[in-house]
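Participant: My structure is below; once you've seen it, I'll send some questions.
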Amino acid sequence: GQDPLRLLKTLQLLWTKNEIAKLKEEIRWGFAGLEDPLAGLLDMLENSSDWKGKGRSLGYYLTTELQLWIKEYPALQQSGSRLEKLQARVLGTLAQCPTNLLDPLISIYQLHTADRNCLLAHVSHLYHKGNYKEAAVLSMKLKLQPDQDVEKMCTPLLLQDKTNLVEDYVGEHPELQSKLLHILDTWCEPGFDIGDISRQYQGTFRYQPDKFNRKTLSKLIFRLLDRFNVDPALCPNVINQRHLRTLRYLFYKRFVEKTMTQENWTDHVQNTVGENRWLQGHLIQLLLRYCDLNTAARWAQRCNLPKETLPYEVADELQKLQIQERAEETKALNSEESKKKDYYQLPIPRANVHFLQTWEETLPCWEKVLQPGQVVGIDMEWKPSFGMVGKPRVSLLQIALKDEVFLLDLSQLLEEAELEGRKEKLLHFIQLLYSDAAITKLGYGMSGDLSSLAATCSALKDTDKQAQGVVDLLIVDKQVDVLSPEQSYKDGGCKQPEKGLSLLVQHVLGKPLDKTEQLSDWEKRPLREEQILYAASDAYCLLEVYEKLCKDPASFGLSSDLTESLVGKPSMKPRAKKQLNKQEVPSPSGQQCKASKTEPSHLPAPISPKEFSVICDNMLQGLGRYLRCLGVDVWILENEDDHRKAAEIARQEGRIILTSGLPYQTLRSQVAEGRCFSVNCSEKAKEQALQVLKHFNVRVSLADIFSRCQ
């Protein structure tokens, strides 16, 4: 048999010459000449140091080639006492080797069959030397986690901010996941100091409080609860802390911002506190801080708190509650009535608002909605999550027509459809509504609505990709010459400046939306009358805004081809390959808005990216960055820049304007013909870049790639 160390010298010479193919061949021949290839590999690894770094080292090729060779010649596998001796030797090598050698070495020396106590002892030795990461990685490779103390193994990793490694350590073991979460939750107990734990490891590594503290710990626990789908009840401390933060947020919304009604606030506080005595005690303290004794006493009565647990002044106030409650209710009613005249009101009779809870009740709705040429306003409501685990599930789907509004109790309808085998029919109607290009769907921020719809029912997850004929008024909100929130605050005299759809409705229709019901508990049944009117108004106002913009777009700073710019371009990420702006779409009043062609009749002479100078509008920042990577001279407008700034820079520096949607009509009239190009905003940056390069016949070479990058 050949001497392994002499073979090693030959291989090292080939390695320094970087002759990889010849090296692999020589390794095969070399192992064939060794009396004991498995022992020979360990001899070579123990007498060489160039295999300990990351990447493909000589040791990597030695190990992987032997692994492949053994697969071809299984008879080379060792067994019995000879294998046990080799396994004892390889454990010392494993402690030093990089991660990419672990799997091959474990396979070659059949470590999964080795004595488990011996493996655990070796990992424990690594751990006590302070090699916590190496001990955890080797434990995972050898699948030793069920026999280890999860707290002992994971604590030093967490303190070193190696949370990803901790997640992998417990990833395939539900019992360990629960144990880990329980341990982490005990660290969230009031008065617990994480620094006390870190002092146990003083001298082995430096604990960084900014990397691992109560805040990061809380985020980690909620991420793990979500990832491993563990019952949150396992972590009462962190859940209590999250509920306490929710409670404080509700107090801020009600008493500082003053943007929640008393009834909504009461519902949410009751749901947040529940029967938890600890949270109820904090609730009383917050009430004393933000309110008066009367309110604190009223809640103490509602929670049925024992008098001996209450502050003396709150217990004393309990005797006066009845009179004060009646006075408070009268005052609140008067206040709500006086507010109505300041906000947008639903213009159709209350009898034309239909709340649908059964399949039979929905049939007239679908018959009226699914008509070619129909224009509908769509909105959705769900219970606010206040940062809790999981995505919101749609409780109410609102569909508004010209003369009536349908409110679909989606949670009830899905439950009923599941029991009666009609779920596919219900989902089919919803998919048909969104995919029918002959029906114009109006919305505001459709991306969020469709994302929540997908979370509610997985069968609807591709609705956003199939959607056609949609008009997202969020795009209009970005283009309309509208009052700033601060200006609307001054002019309207509201307690908070208007924003979002409410601001758009105020500018177009004269009055803002009353958003005090927005944070309602939309899962609670029956819905209150105020919730029903709010939900109907939110969907119906889209029809009125759209109709007024179509009738007189110029007075709002919009171009005449309003619908062309909007249809088929919701504020989401569709993958439509065809432009939808060539079709004509009716407005509620019957008007037609026609498209215009922008494609040139012939291609210009080819140019290089260095000769191509552009300015990208602020909705195309991704395109701008992509073109810059290709060597194009790009100026990108900031978010706060006015679109008209693009025309000024284009004229001064001879740049071509790249824009999208409504600004295209305004900007192209301010520069020479062919110097302004409209990009499909619904496509990704790469597809947009290809469209621009093809239109202007820009030829990109390999040398142009990253030529402008510092």
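The values are calculated or read from the model by the stated rules, or taken from the named source; none is laboratory data. Note that the structure is predicted; figures quoted are calculated from it, not measured. Using ideal geometry, Cβ is built from the backbone for each residue, glycine included, and neighbour counts are taken over all protein chains shown. Calculation scope for accessible area: heavy atoms of the full protein, side chains included, ligands and nucleic acids excluded. Shrake-Rupley method; radii C 1.70, N 1.55, O 1.52, S 1.80 Å.
Participant: Answer yes or no as to whether Leu333 is more than 30 Å from Glu420 (Cα to Cα), over 37 Å from the mean Cα position of the chain (by Cα), among the aliphatic types (A, V, I, L, M) and assigned to a helix (DSSP H, G or I).
Facilitator: Considered against the rule, which asks whether it is more than 30 Å from Glu420 (Cα to Cα), over 37 Å from the mean Cα position of the chain (by Cα), among the aliphatic types (A, V, I, L, M) and assigned to a helix (DSSP H, G or I), Leu333 comes out as yes.
Participant: Mind checking which pairs have a first residue in region 405-422 that is under 17 Å from Lys383 (Cα atoms) and a second that is among the charged types (D, E, K, R), Cβ under 7 Å, 6 or more apart or different chains?
Facilitator: Ser411/Glu523; Leu414/Lys423
Participant: Of all the residues that make up region 204-220, how many are without any contact (Cβ under 8 Å) to a residue 12 or more places away in the chain, open to solvent by 80 Å² or more (accessible area, probe 1.4 Å) and not in a loop (DSSP other than H, G, I, E, B)?
Facilitator: 2
Participant: Please work out if Val230 is at pLDDT 90 or above, part of a loop (DSSP other than H, G, I, E, B) and under 29 Å from Phe192 (Cβ atoms).
Facilitator: Yes.
Participant: Quick check on Ala88: is it more than 30 Å from Glu19 (Cβ to Cβ) and either open to solvent by less than 60 Å² (accessible area, probe 1.4 Å) or among the polar types (S, T, N, Q) (or both)?
Facilitator: no
Participant: While we're looking at this one, here's another question. Out of Glu275, Glu317, Glu263, Glu328, report the one residue that is open to solvent by 30 Å² or more (accessible area, probe 1.4 Å), without any contact (Cβ under 8 Å) to a residue 40 or more places away in the chain and in a helix (DSSP H, G or I).
Facilitator: Sole residue among the options that is open to solvent by 30 Å² or more (accessible area, probe 1.4 Å), without any contact (Cβ under 8 Å) to a residue 40 or more places away in the chain and in a helix (DSSP H, G or I): Glu328.
Participant: Regarding region 174-189, can at least one residue be identified that is open to solvent by 10 Å² or more (accessible area, probe 1.4 Å), free of Cβ contacts under 8 Å to residues at least 12 places away in the same chain and in a loop (DSSP other than H, G, I, E, B)?
Facilitator: no
Participant: Is it the case that Asp168 is open to solvent by less than 40 Å² (accessible area, probe 1.4 Å), acidic (Asp, Glu) and either in a helix (DSSP H, G or I) or under 24 Å from Ser49 (Cα atoms) (or both)?
Facilitator: It is false that Asp168 is open to solvent by less than 40 Å² (accessible area, probe 1.4 Å), acidic (Asp, Glu) and either in a helix (DSSP H, G or I) or under 24 Å from Ser49 (Cα atoms) (or both).
Participant: Quick check on my filter: what residues within region 116-164 are at pLDDT 90 or above, acidic (Asp, Glu) and not in a helix (DSSP H, G or I)?
Facilitator: Hit for region 116-164 is Asp149, nothing else.
Participant: If you don't mind, another one. Give the residues of region 350-404 that are over 20 Å from Glu544 (Cα atoms), of a type in the set (A, V, I, L, M, F, W, C) and free of Cβ contacts under 8 Å to residues at least 12 places away in the same chain, sorted by residue number.
Facilitator: Leu363
Participant: Could you tell me whether any residue of region 658-669 is under 25 Å from Val480 (Cα atoms), aromatic (Phe, Trp, Tyr) and in contact with a His (Cβ under 8 Å, 6 or more places away or on another chain)?
Facilitator: No, because not a single residue in region 658-669 is under 25 Å from Val480 (Cα atoms), aromatic (Phe, Trp, Tyr) and in contact with a His (Cβ under 8 Å, 6 or more places away or on another chain).
Participant: Among the residues in region 57-72, are any under 46 Å from the mean Cα position of the chain (by Cα) and open to solvent by 50 Å² or more (accessible area, probe 1.4 Å)?
Facilitator: Checking region 57-72: at least one residue is under 46 Å from the mean Cα position of the chain (by Cα) and open to solvent by 50 Å² or more (accessible area, probe 1.4 Å).
Participant: Oh, and also: If you go through region 634-677 one residue at a time, how many are open to solvent by 20 Å² or more (accessible area, probe 1.4 Å) and aliphatic (A, V, I, L, M)?
Facilitator: Looking only at that region, the number is 3.
Participant: Here is a list of conditions, (1) open to solvent by 60 Å² or more (accessible area, probe 1.4 Å); (2) over 27 Å from Pro512 (Cα atoms); (3) in contact (Cβ under 8 Å) with a residue 40 or more places away in the chain; (4) within 23 Å of the chain's Cα centre (by Cα), and Cys457 meets all of them except one; can you say which number that is?
Facilitator: Going through the list (1) open to solvent by 60 Å² or more (accessible area, probe 1.4 Å); (2) over 27 Å from Pro512 (Cα atoms); (3) in contact (Cβ under 8 Å) with a residue 40 or more places away in the chain; (4) within 23 Å of the chain's Cα centre (by Cα), Cys457 breaks only (1).
Participant: Scan region 21-34 for residues that are surrounded by 13 or more Cβ atoms within 10 Å (Cβ to Cβ) and either touching a residue at least 60 places away in the same chain (Cβ under 8 Å) or not small (Gly, Ala, Ser) (or both) and report the count.
Facilitator: So the count comes out to 8.
Participant: Since Asn18 meets every condition but one in (1) surrounded by fewer than 11 Cβ atoms within 10 Å (Cβ to Cβ); (2) part of a helix (DSSP H, G or I), which condition does it not meet?
Facilitator: With respect to (1) surrounded by fewer than 11 Cβ atoms within 10 Å (Cβ to Cβ); (2) part of a helix (DSSP H, G or I), Asn18 is out only on (2).
Participant: Just give me the residues in region 278-293 being under 20 Å from Glu328 (Cβ atoms) and open to solvent by 20 Å² or more (accessible area, probe 1.4 Å), in sequence order.
Facilitator: If the condition is that a residue be under 20 Å from Glu328 (Cβ atoms) and open to solvent by 20 Å² or more (accessible area, probe 1.4 Å), then Leu288, Arg289, Tyr290, Cys291, Asp292, Leu293 are the ones that fit.
Participant: Specify the residue that is modelled with the highest pLDDT; the eligible residues are those in region 678-699 that are in a loop (DSSP other than H, G, I, E, B) and buried (at least 17 other Cβ atoms within 10 Å of the Cβ).
Facilitator: Phe696
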